[in-house]
Amino acid sequence: MNTSQKIPPGTRSSPRNLTPLDLKVKDNSAASKGIGTPSPNRLSSPNRLAESPNLSKKKGKKICPCGRSSAGRDWVIICSESSCKQQWHTSCCNLKGANSLNQSQVENLTKTWLCPWCFAVPYVRPGNHPAALNESTLLEKALSCSLVQNITESVKETLINSAPSTEVDLSGLEARLADLSKEIKEFKENPPTSVNSQAWEIPFDEPRPPIIHVKREIDCQIKPYELYEENFLENDAIETLIDLTGYLKNSADFIGEKGHGVKLYGEPYSYTGSQSTVTDPIPPELSSVIEIISTRLKLPEHKRPNSVLINFYPSSTTLERKDTHLAMHSDDENTIVADSEIITLSIGASRTVSFQPKHSESSPSQNLLVSHNSLYVMTRKSQNWFRHGIPPPLPTEEVDERFSLTFRCLKKQFCRSVILIGDSNTKAVNFGSGFGKFGESFPGKRVRAAKIKDIEPSDCTGFANVFLMCGTNDLRCENISHVSEIKNHVDVLKEKLILVKQLCPESKVFVVPVLPSKIPQMNKNICLFNSLVDKMLYSNFPDIWFEGIYSFVDRQGMLSDKLRRPNDDIHLGPRGIAKLVTYLKICIYKREQFEKYMKSHKNYKQESTQEVGPSGLT
Ligand SMILES: O=C(O)CCC(=O)C(=O)O
Ligand SMILES: [Fe+2]
């Protein structure tokens with residue numbers, strides 16, 4: 001089943017962002033001046049102030065974004081989102097009906113209520129919904145409004161000029177009206193490009209097509225492991241680890257998973273089928289090994305391991321043979337830092353680690369015999385190319401017990417990691433903290449791809465969110481001599497997306513519609529391209545999001561002047577870049593909300609090709 005929904009541009013509006021204007025209203029409100037606090041002597045009557053901190057009826061207080069008083073007619077309710085807590089009149093947030101309820105009923109209703117600023121509606125509004133139709137005529141209305149204004153001004157001007165004489169000279173007015181009729185006629189015959197093109201509208205009841213699983217044979221572009229080194233630790237250090245693992249084995253600290261036991265230290269590592277609910281702090285014995293590893297492998301601070309998982313593979317003489325193994329899996333959880341390494345140190349018997357290519361039937365599996373006190377290093381990236389596992393011993397083979405210590409660098413905020421593959425318009429997008437930047441909770445990187453053909457799907461591996469924002473250069477007037485070239489670009493994009501989806505089945509993929517320029521002919525190319533991409537995504541990848549870009553567009557369907565670089569018809573200026581970052585973050589947030597909602601829905605079945613984790617579940 002389709003687990004997510006793409007958003008065609010122009011068919012729905014983005015959640016309300018705080019604009020400077022909103023902030024002004026808020027700042028001027030009584031709430032921000034601290035005068036919105038309910039006074040205790042008015043709590044007794046249900047018609048007046050309510051006792052609950054989340055609910056009150058206040059007279060004359062301007063606490064709602066409307067900035068007005070509701071004269072005690074409305075309940076004032078507070079958003080339950082702890083970082084918001086904005087107060088609203090029930091009428092202003094479309095809950096007018098709640099005014100006929102009593103206090104406790106309203107309290108119940110609003111316990112988990114998210115205000116219009118916080119709640120992102122997870123559904124696409126159907127193209128034929130009256131509000132969508134209204135929106136699509138907005139531009140027309142706005143333009144006719146300005147024409148009416150023109151007429152009014154012409155009439156005024158004529159009357160003023162004619163005022164001294166008794167005879168009113170209407171010739172100027174007639175000429176102006178003739179001009180305006182001409183303008184109206186031209187406008188009707190040749191309406192300006194609008195983002196609300198019908199081409200993007202999806203009929204409400206049209207069933208969503210199934211997700212097409214297309215697989216390509218992709219040659220392995222990286223090695224299954226980067227490094228294998230024997231006799232890694234000095235005697236003292238290895239003896240300490242032998243003591244630690246021996247102690248753990250006898251203290252029954254290992255938690256049984258299929259074919260082996262596990263013990264977790266440091267940052268919690270959760271994977272499909274993991275049984276460890278608790279994690280202990282990293283003990284000094286392991287901290288000093290992390291120190292040695294980090295120095296020897298020259299790991300920078302941001303990739304230093306902070307989580308250690310010890311696997312215990314019992315001897316084949318004590319168990320059924322098949323029970324000392326680890327099933328094929330990938331360590332591809334999105335909490336692992338995208339460019340980090342997964343480092344494994346072996347203690348005890350030699351065992352074979354098997355590596356199996358995921359995307360190439362013709363490439364054989366590779367085996368690595370890992371001996372006592374050896375270390376092998378895989379990259380997080382390689383997890384999207386290979387599965388690995390410890391096969392059970394052969395029927396004729398006897399194996400002694402083995403422990404493996406796996407060191408990882410985990411960061412919770414990597415659940416929201418971002419890769420932005422884009423052209424020069426994304427050049428100024430920065431990660432990290434500061435104005436117009438992504439912020440610490442969205443770690444990630446930007447990769448340049450000047451044209452669609454330059455997108456490198458393997459760059460996306462390891463990132464939770466993938467944004468592709470290319471096409472502007474492909475669609476420049478000098479690069480398009482025939483419509484068929486635009487279609488070809490869409491086909492190239494489709495092929496790239498097949499590879500991205502195959503290499504990163506767990507990533508949330510977003511295609512950013514090409515932003516309009518100030519060049520009308522180029523905008524025609526862009527408009528056609530966007531509508532073809534929308535159709536292509538709808539029929540091939542309904543789980544790839546294609547979110548509307550109206551906030552970048554002016555009434556003429558062109559790149560907004562406020563957002564572009566001065567004297568540049570195509571590129572975003574600093575305000576545009578800040579807006580782009582906000583847009584990208586809203587995309588991530590909306591999708592998270594949408595998936596959360598869908599997960600809680602009873603018919604929701606996750607369409608997932610998720611690998612099993614080190615639990616060995618098969
Ligand atoms: O024991 C090994 O060498 C492999 C361990 C492993 O793959 C894991 O912990 O994810
Ligand atoms: Fe693993």
Here is a check on your reading of the model: is Gly471 buried (at least 21 other Cβ atoms within 10 Å of the Cβ), assigned by TED's automatic domain parsing to the domain that holds Ile588 and within 16 Å of ligand 1 (Cβ to nearest atom)? no
Can you pull out every residue in the stretch 404-430 that is under 24 Å from Glu301 (Cβ atoms) and not hydrophobic (A, V, I, L, M, F, W, C)? Thr406, Arg408, Lys411, Lys412, Gln413, Arg416, Ser417, Asn430
Please pick out the residue among Arg387, Arg402, Arg408 that is open to solvent by 60 Å² or more (accessible area, probe 1.4 Å) and within 12 Å of ligand 1 (Cβ to nearest atom). Arg387
Touching a residue at least 24 places away in the same chain (Cβ under 8 Å) and either more than 18 Å from Trp117 (Cβ to Cβ) or in contact with a Cys (Cβ under 7 Å, 6 or more places away or on another chain) (or both), is that true of Gly72? yes
Just one of (1) within 22 Å of Cys220 (Cα to Cα); (2) open to solvent by 40 Å² or more (accessible area, probe 1.4 Å); (3) within 16 Å of ligand 1 (Cβ to nearest atom); (4) at pLDDT below 95 trips up Ala327, so point out which. (2)
Could you list, in sequence order, the residues of the stretch 411-435 that are over 23 Å from Ser287 (Cα atoms), part of a loop (DSSP other than H, G, I, E, B) and open to solvent by 10 Å² or more (accessible area, probe 1.4 Å)? Lys427, Ala428, Phe431, Ser433, Gly434, Phe435
Considering the stretch 363-378 alone, what residues qualify as being more than 30 Å from Glu239 (Cβ to Cβ) and either within 13 Å of ligand 2 (Cβ to nearest atom) or open to solvent by 60 Å² or more (accessible area, probe 1.4 Å) (or both)? Pro364, Ser365, Gln366
Those residues of the stretch 440-461 that are within 16 Å of Val581 (Cβ to Cβ) and either free of Cβ contacts under 8 Å to residues at least 24 places away in the same chain or basic (Lys, Arg) (or both) come to a total of 2
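The values are calculated or read from the model by the stated rules, or taken from the named source; none is laboratory data. Note that this is a predicted model, so its numbers are computed, not measured. Note that each Cβ is placed from the backbone with ideal geometry, even for glycine, and that neighbours are counted across all protein chains shown. In case anyone asks, the SASA skips ligands and DNA or RNA and just uses the protein heavy atoms, side chains included. Shrake-Rupley method; radii C 1.70, N 1.55, O 1.52, S 1.80 Å.
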